[in-house]
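Heads up, the thing below is written out as structure tokens.
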Amino acid sequence: RQRLRMFVASEDREYLDALAPFLEDAQVRPVVDKTFALADAPVAMRYLIDGNVRGKVVLKVAAS
């Protein structure tokens, strides 16, 4: 059985400065597994809990 936990990374300016060139040159990109509408957040959570995620799960918030 798996438990779902929140993770918050701590930022360190030195590390962020070292990563910046890679991000600017698009050498590092996040992998998005699946995108859900905000209204489908419970479905997205179920998807995470099922354990088949191979990247980031994104909740899409529509601008009004």
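The values are calculated or read from the model by the stated rules, or taken from the named source; none is laboratory data. Values in this document were obtained by computation on a predicted structure and should not be read as measured data. Heads up: the accessible areas ignore ligands, DNA and RNA and are worked out on the full protein's heavy atoms, side chains in. Shrake-Rupley method; radii C 1.70, N 1.55, O 1.52, S 1.80 Å.
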Cα-based Rg of the chain normalised by 2.2 N^0.38 Å, two decimals: 1.42
Whole-Hz ³J(HN,Hα) from phi, Karplus 6.51 cos²θ - 1.76 cosθ + 1.60, for the stretch 15-23, glycine and proline x: 5, 5, 5, 6, 7, 3, x, 5, 5
Fluctuation leader among Leu38, Leu19, Leu48 - the chain, Gaussian network, Cα springs under 10 angstrom: Leu19
Per residue value of the accessible surface for the chain (all protein chains in place, 1.4 Å probe), Å²: 98 Å²
Stretch gain in nm, segment Lys56-Phe22, where the contour uses 0.36 nm per residue and the Cα spacing is subtracted: 10.3 nm
The chain, accessible surface, carbon-and-sulfur percent (1.4 angstrom probe): 55 percent
